[in-house]
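Asker: A single structure is presented below for examination.
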């Protein structure tokens, strides 16, 4: 028997899949010169379409409902995450356009990007363990290929392979955990798991707990939370920079959003356990991410460790297990994603200027040469560090508030200490850009005059900048949206 | 309830900063525009001060919700002492921007934009009536300062900024934790609506932020480097105005919101203040250069002001507000003068200076006048402030008074040492015959500050009697600076008069 299908709920995925299909066709049928342009425009339109339909779903779904025989959940929480994914995807298209791979695999690249976005939109609406795994693999496989798409660059291939191996391991752990949970409770649907746990008194069931632990570990892999972060620096460094930007913003968003959804919906009885686990992961990520970032000289590695530490901050919000925590998580993701995309966009700009990997020293004088990008980068660093007037500050403030509210004040202290450490490396980037020290040998751009202007890339940087500032000054509407979204979770 | 003047005072310089950054100014244009904005600030402040009712409580309030789910709002307004500190800010900022304009800073648009942004942030700190807003402005001060020192500072600037940032942010992040805890435990972040808290831990978080910013001994590690490596006008702002944000925080947050814990911690804080006072004075006396003397004297003076704030009586509180303004003006003038001396001689080291008075009467007069007021000769406004503070702290215990008096003697010693090392004795190696006297533009920047000091010397009560309603400082603080205590007093009075 075919269940009724809520096609409207699937529109973001369908739009993006359609865009991916057109890109693939364009890769074969369109004239060689225009392939990349057509594919880029289609993908951009696809992400715009996903954004618009995401907004429509948000507006028309005041209360969450299960759709498609309970396999998926249509609610504002998922729609909110779809909006972030769609926004991130759009900016990624803009900053991919100037990249050199345009010439080779333009069509395929954009098709994968759109398909990846579709997978993420699918994943955040998951309501049972099968959809969860399907969605996770859907977008992960796209990302494995995207990381390795620079076929002529060893680093890119290495990144793809590493991500494939470690990512598959993570997916395997998650799948194993899901199987154990299913085995213990006999339910696939998240709310069914909770009901079965309550009804059958499985609160202390060893199989269920093992399953829960493995699922958390699986999410940890995807969200690159320590100690499951090993792949992050290498993959972030090796992958093409636009892909890294997309991963740092969108993958983290969907992994953490879904993690909170699963934990809250399926395991309310175990909340003491998983909040403790989330808090432990948060501390580990904050400690490891920040300490390791201190010694990095390559920008992409540094930002990779910084993203690990931000997984820690986001996990504090998860550990709060409250409405306020959900609100904090969703709100934090907005400025974080924007700053992350923007920062990698600036890195991409510098890489294209220099023709090699950007290092901290390689930024010397960048701020004065390219003031718009320099000021934007400085702002992103301040946002990462959580200083006003950026959304990073208010995000951190909400996360700390959630921790305090949940009676976990000690997590605030951990967060504060981590922030102190992180300031050193965030400010070292600002220092390199604006305060050239006489000892540093200045790396000049490759010969051939000033780098070509890339209005799309600058546009995406400015858009990120607008979000980072906008989420601070125009905080109230965003918080309202995040509040409505978080309220659809059964805390 | 809805008066725009404070909001304008905060947002005007910020808008000016954006205009400087975004429009294609020439160097002269950017500097001139920034100076114009700074002078407009002074004008607006004078207009506000003229309308201010010194017997009322919080005035010129404006409140707009920012994020209501946690009870945070844009709530600004002035108390008497905030008004004076804001006045200090706008005057000193105008003088320093004028000096920066005259000195011709490189990358003028970036520089003047940052100075204006800093102005807005400092005024915001003094005007916020919401603890989160206070914190936002507090951090917002840090970023322009970091860049101003790091880009336009001296040769050791990178090291100095690193130290400065790590110290201040370590303090202020602890303060953020305290802000979160305070606001959520009170149910509102509004400083007027919230009640008092009995938590020593939360108070310690706030004190960490304040003690580093002021700085109080032993949190002053960043101070000598930052004050030496900054451009002189930035050092003037840093020691003259930014340090007052910390003592303002004592007055506005620590005392009224944490009456119990402050009582417990009073003696340790007074001990730290006393240590800073004596230690700073001794170091100032031994410092080998002009800026070292001013820097350590700042440490000492901030200790003295903290004495007054925590003396727990009217005399101490009134004196501390007066002394905050005094020290702000003095320290700013001295740093600007130090900059002028360094500009002529390329050095601030006493061993290579000397004899600058000969042939340079204006420099000698201005430096002498400022130095004399700074060493608190009887009759000067600094004397009035220090006397009030000492009288206040004497009531806490005679020993505090003795320590304060010793430090004031030391102040006379280090100030006179500095004056004589720069102006008198035989001309130093670095002092060229051709080094000019002060130029009119320099006089324009520094003389107004000195004139205000002279004016205050004639009438210190302008500030000391008008910082708290009816001069009832302690009562005002004890009632949590809630809607003016004057109300109850006047109501009682009218009731008594209308009585039988």
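Asker: Going by the conditions given, is residue B:130 surrounded by fewer than 24 Cβ atoms within 10 Å (Cβ to Cβ) and either at positive phi or more than 12 Å from chain A (Cβ to nearest Cβ) (or both)?
Answerer: Spelling it out, it is not the case that residue B:130 is surrounded by fewer than 24 Cβ atoms within 10 Å (Cβ to Cβ) and either at positive phi or more than 12 Å from chain A (Cβ to nearest Cβ) (or both).
Asker: Within segment A:453-473, can you find the residues that are within 11 Å of chain B (Cβ to nearest Cβ) and surrounded by 14 or more Cβ atoms within 10 Å (Cβ to Cβ)?
Answerer: A:472
Asker: Out of all the residues in segment A:108-141, which are over 14 Å from residue A:251 (Cα atoms) and without any contact (Cβ under 8 Å) to a residue 40 or more places away in the chain?
Answerer: Within segment A:108-141, just A:134 meets the criteria.
Asker: Among the numbered criteria (1) farther than 25 Å from residue B:468 by Cβ; (2) within 19 Å of the chain's Cα centre (by Cα); (3) surrounded by fewer than 22 Cβ atoms within 10 Å (Cβ to Cβ), which one does residue B:46 miss?
Answerer: (1)
Conditions (1) within 14 Å of another protein chain (Cβ to nearest Cβ); (2) closer than 15 Å to residue B:10 by Cα; (3) not in a helix (DSSP H, G or I), marked per residue:
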| position | (1), (2), (3) |
| --- | --- |
| B:77 | no, yes, yes |
| B:85 | no, yes, no |
| B:114 | yes, yes, no |
| B:117 | yes, yes, no |
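Asker: Out of A:308, A:316, which single residue is under 13 Å from the mean Cα position of the chain (by Cα) and either farther than 24 Å from residue A:83 by Cβ or in contact (Cβ under 8 Å) with a residue 40 or more places away in the chain (or both)?
Answerer: The conditions single out A:308.
Asker: Would you confirm whether any residue within segment A:323-340 is in a loop (DSSP other than H, G, I, E, B), under 30 Å from residue B:68 (Cα atoms) and within 14 Å of chain B (Cβ to nearest Cβ)?
Answerer: No; the residues of segment A:323-340 include none that is in a loop (DSSP other than H, G, I, E, B), under 30 Å from residue B:68 (Cα atoms) and within 14 Å of chain B (Cβ to nearest Cβ).
Asker: Still on this structure: Give the residues of segment B:87-108 that are within 12 Å of another protein chain (Cβ to nearest Cβ) and either closer than 22 Å to residue B:444 by Cα or surrounded by 24 or more Cβ atoms within 10 Å (Cβ to Cβ) (or both), sorted by residue number.
Answerer: B:106 - this is the single residue of segment B:87-108 that is within 12 Å of another protein chain (Cβ to nearest Cβ) and either closer than 22 Å to residue B:444 by Cα or surrounded by 24 or more Cβ atoms within 10 Å (Cβ to Cβ) (or both).
Asker: Tell me yes or no: at least one residue of segment A:167-184 is assigned to a helix (DSSP H, G or I), touching a residue at least 60 places away in the same chain (Cβ under 8 Å) and closer than 30 Å to residue A:104 by Cβ.
Answerer: Yes, some residue in segment A:167-184 is assigned to a helix (DSSP H, G or I), touching a residue at least 60 places away in the same chain (Cβ under 8 Å) and closer than 30 Å to residue A:104 by Cβ.
Asker: Give the residues of segment A:73-113 that are crowded, with 24+ Cβ neighbours inside 10 Å and touching a strand residue (DSSP E or B) at 6+ places or on another chain (Cβ under 9 Å), sorted by residue number.
Answerer: Residues satisfying the conditions are A:73, A:75, A:78.
Asker: Within the bounds of segment A:140-148, is there any residue that is more than 28 Å from residue A:308 (Cα to Cα) and part of a loop (DSSP other than H, G, I, E, B)?
Answerer: Looking through segment A:140-148, none of the residues is more than 28 Å from residue A:308 (Cα to Cα) and part of a loop (DSSP other than H, G, I, E, B).
Asker: A follow-up question, please. Report yes if some residue within segment B:168-175 is more than 7 Å from chain A (Cβ to nearest Cβ), closer than 18 Å to residue A:401 by Cβ, in contact (Cβ under 8 Å) with a residue 40 or more places away in the chain and surrounded by fewer than 19 Cβ atoms within 10 Å (Cβ to Cβ); otherwise report no.
Answerer: There is no residue in segment B:168-175 that is more than 7 Å from chain A (Cβ to nearest Cβ), closer than 18 Å to residue A:401 by Cβ, in contact (Cβ under 8 Å) with a residue 40 or more places away in the chain and surrounded by fewer than 19 Cβ atoms within 10 Å (Cβ to Cβ).
Asker: In segment B:187-212, what count of residues is obtained for those that are in contact with a strand residue (DSSP E or B) (Cβ under 8 Å, 6 or more places away or on another chain) and not in a loop (DSSP other than H, G, I, E, B)?
Answerer: 1
Asker: Please specify each residue of segment A:28-61 satisfying the condition of being farther than 24 Å from residue A:457 by Cβ and buried (at least 18 other Cβ atoms within 10 Å of the Cβ).
Answerer: A:53, A:54, A:57, A:58, A:61
Asker: Sticking with this one: Go through segment B:127-160 and report how many residues are part of a helix (DSSP H, G or I) and closer than 25 Å to residue A:469 by Cα.
Answerer: 22
Asker: While we're on this one: For segment A:474-489, enumerate the residues that are at the interface with chain B (Cβ under 9 Å from one of its Cβ atoms), in contact (Cβ under 8 Å) with a residue 24 or more places away in the chain and surrounded by fewer than 19 Cβ atoms within 10 Å (Cβ to Cβ).
Answerer: Across segment A:474-489, the qualifying residue is only A:483.
Asker: Something else: Which one is nearest to residue A:127 (Cα to Cα), of the residues in segment A:26-61 that are over 25 Å from the mean Cα position of the chain (by Cα) and not in a helix (DSSP H, G or I)?
Answerer: My answer is A:30.
Asker: Any chance you could count how many residues in segment B:353-395 are in a loop (DSSP other than H, G, I, E, B) and surrounded by fewer than 18 Cβ atoms within 10 Å (Cβ to Cβ)?
Answerer: 7
Residue-by-condition table, conditions (1) surrounded by fewer than 23 Cβ atoms within 10 Å (Cβ to Cβ); (2) at pLDDT 95 or above; (3) within 11 Å of chain B (Cβ to nearest Cβ):
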| position | (1), (2), (3) |
| --- | --- |
| A:370 | yes, no, no |
| A:374 | yes, no, yes |
| A:384 | no, yes, no |
| A:387 | no, no, yes |
| A:391 | no, no, no |
| A:405 | yes, no, yes |
| A:413 | yes, no, yes |
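Asker: Given the condition under 29 Å from residue B:471 (Cβ atoms), more than 10 Å from chain A (Cβ to nearest Cβ), touching a helix residue (DSSP H, G or I) at 6+ places or on another chain (Cβ under 9 Å) and not in a helix (DSSP H, G or I), answer yes or no: does some residue in segment B:68-75 qualify?
Answerer: Checked against the condition, which is being under 29 Å from residue B:471 (Cβ atoms), more than 10 Å from chain A (Cβ to nearest Cβ), touching a helix residue (DSSP H, G or I) at 6+ places or on another chain (Cβ under 9 Å) and not in a helix (DSSP H, G or I), segment B:68-75 yields at least one hit.
Asker: Which condition from (1) assigned to a helix (DSSP H, G or I); (2) touching a helix residue (DSSP H, G or I) at 6+ places or on another chain (Cβ under 8 Å) is the one that residue A:352 breaks?
Answerer: Here residue A:352 clears every test but (2).
Asker: Could you list, in sequence order, the residues of segment B:143-159 that are touching a helix residue (DSSP H, G or I) at 6+ places or on another chain (Cβ under 6 Å), facing chain A (nearest Cβ under 10 Å) and farther than 15 Å from residue B:106 by Cβ?
Answerer: Correct list: B:146 only.
The values are calculated or read from the model by the stated rules, or taken from the named source; none is laboratory data. As the structure is a prediction and not an experimental result, all values here were calculated from the model. Note: ideal-geometry Cβ built from the backbone for every residue, glycine included; neighbour counts use all protein chains shown.
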